[in-house]
Amino acid sequence: MPDTTPHPTQGKPPTLPPDDVLQALIDQRLPHAQAQAAWQALAQEPARAAAVRAQQADRLALQALHADVLEEVPSTVLQATLARAARRQQSWHSAGRWAGMAAAVLLTFAAGWWGRGLQQAGDSHELALDRQPGRQFSAQASVAHAVYAPEQKHPVEVDASQQQHLVQWLSKRLGRPLKLPDLQAKGYALVGGRLLPGDTGARAQFMYQDAQGQRLTLYLGALPPSPVQTPAQTPGTGQPASAPAPLAAFSFSQEGPVPSFYWVEGDFGYALQAELPRQALLDLALAVYKQL
Amino acid sequence: MNATALSEHIPRLRRYARSLTGDRWAADDLVQDTLERACSKWRLWLPGTDLRAWLFTLMHNVFINQLRRPSLHIVADGTGPDHPLDTALDRVAAPDSGHEQAMDLQRCLLRLPPEQRETLLLISLEDLSYEQVAHITGVPVGTVMSRLSRGRARLRELLEAPAQAQPHALASAPPPAQDSVDKVRPLAQRRPH
């Protein structure tokens, strides 16, 4: 539009539009004609016009600022959703709705994460519907392993170089002093740890790695109270995953994406995961158990 | 409502939280708390209404509650009483993009009052309507507009300040290092110097 006429149609001088209109201009929310008029008015005040342009650029810069976050796989938070959904499903007796939701979340999760290794959708459905806290705990531990163990760039939130901070931080978040087992004798060095959401609060994951890059995770946290809770027994042979009271003691589970040994002490659960044969994993689980 | 619908919003919630807090961990905390709230208040969401706006309303409430706490998550997170700000600075300064400009923008953003920062981000980043933002933050549209306007103007001032060596800011100009510390002050209330 040529701006040769200083007084367009209504004969009004192009007064500066009110601030609301300028904000809408910056946000590119004005209809074309109105935007044109606003720019025309701004042409009379170069300083103001420059400010508007600068703020338009700021808006674009803000949009670009953390654009990379959109591309990140939000594993932690997805797991949070999963855990919440699972808890709801657990605590709500008319479980149909929540069970459906939990399964849906799990499937979403599965689609993203287990894509290549997932056997059947039926498995995860069963997992979501599992009402036994111990099994659920180990399944969550296993999923957490499957999510973070392959991670090259950010396998942990706090790495081994800040071991003391790691232990203090996670102890604080889990509400009890934690001990970090030393698995050097077994050939596994600490990589670090992270905080994860669980269905009864915070969970911690410690990650270890051997010289070949084989990773091992220890997952721990408070368990939901269970009517069938029994005190921890001395670990012996693992029970089959289908044991009726998996909270009992030292159990082996292959339900998740990675095999897991889990056990309970008081109201606290532990699960150790790695892509290892059962006996090797048990050996490591015992080593961990003895140090806790 | 289904969980897939919910999970579709997670990337945006994370990005917004990241810009709002300038910190990866604090942002994920915020998102997790928001999702937790969403799960517990699931039945309060009206099908057919805008799920995204509802989630941002929940996140606004979580954020405001966090601000009301005497010490912010970063301090409370077990980093110890000795170096909360240094940690905050490190986190702001050690991000993925690595661009100095982006770091500067994030730092300046953190110096805005929280309500201006929130308003600015909900509109600029999330492209929510002014009415939606009024609803989310629980204030009249007029307040949204003035927060937006002041937030934008302030952000510009902050971004321009270092370049112009702040000729009119303070009579006795502080050393630059001090200034860079000051920039993060709103994030974590700092020890008295």
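The values are calculated or read from the model by the stated rules, or taken from the named source; none is laboratory data. Quantities reported herein were computed from a predicted structural model and do not represent experimental measurements. Cβ: placed from backbone, ideal geometry, glycine included. Neighbour counts: every protein chain shown. Each accessible area value is taken on the protein alone, full model and side chains, heavy atoms only, with ligands, DNA and RNA left out. Shrake-Rupley method; radii C 1.70, N 1.55, O 1.52, S 1.80 Å.
Checking the a/c ratio against 1.5 first, then a/b against b/c, what shape does the Cα gyration tensor give for the stretch A:248-292?
Note, shape of the stretch A:248-292 comes out oblate.
Calculate the FRET efficiency for A:Asp210 and A:Ser171 from the Cβ-Cβ distance with a Förster distance of 30 Å, rounded to the nearest 0.05.
0.70
Can you compute the FRET efficiency between A:His154 and A:Arg53 using 1/(1 + (r/R0)^6), with r the Cβ-Cβ distance and R0 = 51 Å? Round to the nearest 0.05.
Once the sixth-power term is evaluated, E becomes 0.85.
What distance in nm lies between label points placed 7 Å from Cα along the C-beta direction at A:Ala67 and B:Arg12?
1.7 nm
Tell me: how much accessible area in total is hidden between B and A, 1.4 Å probe, Å², nearest 100?
4300 Å²
Treat each spin label as a single point 7 Å out from the Cα along the C-beta direction, and report the A:Phe268 to B:Ser129 distance in nm.
It works out to 5.3 nm between the two label points.
Near the amide H of A:Leu196, under 5 Å away, which other amide H atoms are found, from residues 5 or more places off or on another chain, if H is placed in the peptide plane?
A:Arg203, A:Ala204, A:Gln205
Once the Cβ-Cβ distance between A:Gln44 and A:Asp19 is put in as r, and R0 is 25 Å, what FRET efficiency do you end up with, to the nearest 0.05?
Efficiency computed from Cβ-Cβ geometry: 0.95.
Taking the full set of protein chains and a 1.4 angstrom probe, give the accessible area of A:Asp267 in square angstrom, rounded to the nearest 10.
70 Å²
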